[in-house]
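This report concerns only the one structure given below.
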Amino acid sequence: MIYLALKFLHIIGAILFLGNITTGVFWKAHADKSRNPVIIAHALDGVIRSDRLFTIPGVIVIVAAGVAAAIVGGIPLLRTEWVAGGIILFTIAGIAFSARVAPLQRQMRDLARANADPATFDWAAYERLSRGWAIWGSVALLAPLAAAALMVFKPSW
């Protein structure tokens, strides 16, 4: 029963984590369509806050419950291919998020806050930052999605 409870918590953490990063992409794209720096700054501020409230706690729950479930279930973390692969992919996502996505989000928000006038806003700089965010954000989203697939399909190589 403890194993199933930990597995359930692990899944809840994954839902919080993946759901929040997916909706963050939606809200940024929605704000970008407005071409209004005030709306963009507000949306990015919300994305940054929701990362603190949902993404980071989701990471903590995923790791803690996942490791605990593996230990309780007698699953060797690094000798079970689908678990080790998930850990590697999750680590890649974490590095992409912390090293590139989060700083780019703050830079885009700060740029939008600095000049609220759409006519004089530095759209070229914003779009450059936004392209980098999209690339690294794809890594930060696709890697844990692939990890989730490994957890479900449990392939053996």
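Bear in mind these aren't lab numbers, they're just calculated from the coordinates by the rules spelled out. Everything quoted here is computed from the prediction, not taken from an experiment. Here the Cβ positions follow ideal geometry from the backbone for every residue, glycine too, while neighbour counts run over all protein chains shown.
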Checklist entry - How much mean residue ellipticity at 222 nm does the chain get from its helices, if each DSSP H run of length 4 or more adds -39500 (n - 2.57) and you divide by all residues, to the nearest 500 deg cm²/dmol? => result -27500 deg cm²/dmol
Checklist outcome for this item: Expressed as a whole-number percentage, the relative contact order of the chain with C-alpha contacts under 8 angstrom and at least six residues apart is 32 percent
Next on the checklist: How tilted is helix 81-96 with respect to the longest principal axis of the chain? Cα atoms for both, answer in degrees (0 to 90, nearest 10).
Outcome noted: 20 degrees
Checklist outcome for this item: In nm, the gap between the two label points placed 7 Å beyond Cα toward Cβ at ALA149 and ILE88 is 1.5 nm
Next on the checklist: To make sure I understand the rule: partners must be aspartates and glutamates, Cα under 14 Å from the Cα of LYS33, and not fewer than 8 residues away in the same chain. Which ones qualify?
Outcome noted: GLU127
Next on the checklist: Run the reach check for LYS154 against lysines, Cα to Cα strictly under 21 Å, same-chain hits fewer than 8 apart removed. What comes back?
Outcome noted: LYS7
Checklist outcome for this item: Expected unfolding gain across ARG131-LYS33 under the 0.36 nm per residue rule, minus the alpha-carbon gap, is 33.8 nm
Next on the checklist: Counting other beta carbons within 10 Å of each residue's own, what order do HIS30, HIS42, HIS10 fall into, fewest first?
Outcome noted: HIS30, HIS42, HIS10
Checklist entry - Using alpha-carbon positions, what is the distance between the centroids of region 1-55 and region 66-86, in Å? => result 26 Å
Checklist entry - Can you pull out the trypsin sites (Lys or Arg not before Pro) in region 1-94 that DSSP calls coil and that have at most 15 other Cβ atoms within 10 Å? => result ARG35, ARG79
Next on the checklist: Going by average Cβ density within 10 Å per residue, which order do the peptides 57-63, 115-121 take, highest to lowest?
Outcome noted: 57-63, 115-121
Item to check | With Cα atoms, 0 to 90° folded angle of helix 123-153 axis to the chain main axis | outcome: 10 degrees
Checklist outcome for this item: Rounded to the nearest 10 degrees, the helix 2-34 long axis (Cα) sits at an angle to the longest Cα principal axis of the chain of 20 degrees
